[in-house]
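Asks: Below you will find the structure I want to go over with you.
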Amino acid sequence: MIMEQTSVKIMQCKAAKKGQLTIDCIGVGVGVLFFDRIKKVGVGLHVLAPHSATPSPPNPAKYADTGVLHAIDVLGKEGALGNPVVAIAGGAAMEGSSSGVSMGVKVVGAVKEALSKVKLQIAKEDTGGSKIRSIILDIDKGQISFK
C-alpha cells in the first residue's frame, strides 16, 4: 500500500491528516512542523526569512514571525486542539558565507521567538551546521524524524 505524501516546499504552509507530511531541502531557511497527536493533524511550514516588513505580507509563509501565526491558524482550521508537538530543522550556514551571524542563525532565532510568543515549546530540533535537511512526520504513527 502506498502512503499518501504531502510535500511542503520553500515558502509554503500545508496541512495533512494522513500519510506523511514532509518538509524537504531545508537549508538556510527553517522547517517548522506542528502536530496535534489527538486529532492527527500536521502542518508543515518552510520559512526563508526572519521578519516581515508588514503585519500582513502577500505570503506569510516566507517569514518566521508571520509564518508561525499562519501555520497555527491553519492547524486550528483543520480541527486541532491548540497544543501541538513542534519540531524545527534548518538554519544552515552556507559555504562561503561571510563571518558574523549567518542568515540561518537569524531565521532559527526568529522562529524560536515567534513560537515563544504563542507559548509553544520545541520538542525536537536539528538546526545549525551546514547540511541540507528534511523533516518527516508519519501522521498515522505520530513519529517525527529528521533526514
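Each value in this text was obtained by applying a stated rule to the coordinates, not by laboratory testing. Small disclaimer: the values here were computed from a predicted structure and weren't measured. As a convention, Cβ positions derive from the backbone with ideal geometry for all residues, glycine included, and neighbour counts pool all protein chains shown.
Asks: Suppose R0 equals 25 Å. What FRET efficiency, 1/(1 + (r/R0)^6) with r the Cβ-Cβ distance, do Gln143 and Thr54 give to the nearest 0.05?
Replies: The calculated FRET efficiency here is 0.10.
Asks: What does the charge dipole of the chain about its Cα centre add up to, to the nearest 20 debye, if the Cβ of each Lys and Arg holds +1 and the Cβ of each Asp and Glu holds -1?
Replies: Result for the chain is approximately 220 debye, rounded to the nearest 20.
Asks: Also, quick follow-up: When DSSP beta bridges are limited to those with both residues in region 5-146, what percentage is antiparallel, rounded to the nearest 5?
Replies: 70
Asks: Using alpha-carbon pairs under 8 Å, 6+ residues apart, how would you state the relative contact order of the chain in percent?
Replies: RCO, the chain: 28 percent.
Asks: Please tell me which of these pairs span more than 31 angstrom C-alpha to C-alpha: Lys117/Lys141; Lys62/Lys147; Lys77/Lys131? Walk me through the intermediate numbers first.
Replies: Working: Lys117/Lys141 29 Å; Lys62/Lys147 22 Å; Lys77/Lys131 34 Å.
From the list (Lys117/Lys141; Lys62/Lys147; Lys77/Lys131), the Cα-Cα distance tops 31 Å for Lys77/Lys131.
Asks: Counting pairwise Cα distances across region 1-89, what percent come out greater than 24 angstrom?
Replies: 16
Asks: Can you tell me the FRET efficiency between Ser116 and Asp73 if r is taken as the Cβ-Cβ distance and R0 is 22 Å, rounded to the nearest 0.05?
Replies: Numbers: r = 18 Å, r/R0 = 0.80.
Calculated transfer efficiency: 0.80.
Asks: Sorted by mean Cβ packing within 10 Å, highest first, what order do the peptides 137-143, 17-23 take?
Replies: Ranking, from highest mean packing down: 17-23, 137-143.
Asks: How do His51, His70, His46 rank when sorted from fewest to most other Cβ atoms within 10 Å of their own Cβ? Provide the component values of the computation, followed by the final result.
Replies: On the way: His51 13, His70 20, His46 27.
The most exposed by this proxy come first: His51, His70, His46.
Asks: Something else: On a 0 to 90° scale, report how tilted helix 64-77 is relative to the longest principal axis of the chain, with both axes built from alpha carbons and the result rounded to the nearest 10.
Replies: 10
Asks: For Lys124 and Ile2 in one chain, what is 0.36 nm times their gap in residues minus the Cα-Cα distance, to one decimal in nm?
Replies: Working it through step by step, the gained length comes to 41.2 nm.
Asks: Apply the Debye scattering formula to region 5-146, with a single equal point scatterer on each alpha-carbon and no solvent, then give log10 I(q)/I(0) at q = 0.17, 0.21 Å⁻¹.
Replies: Log10 I(q)/I(0), no solvent term: -0.82, -1.24.
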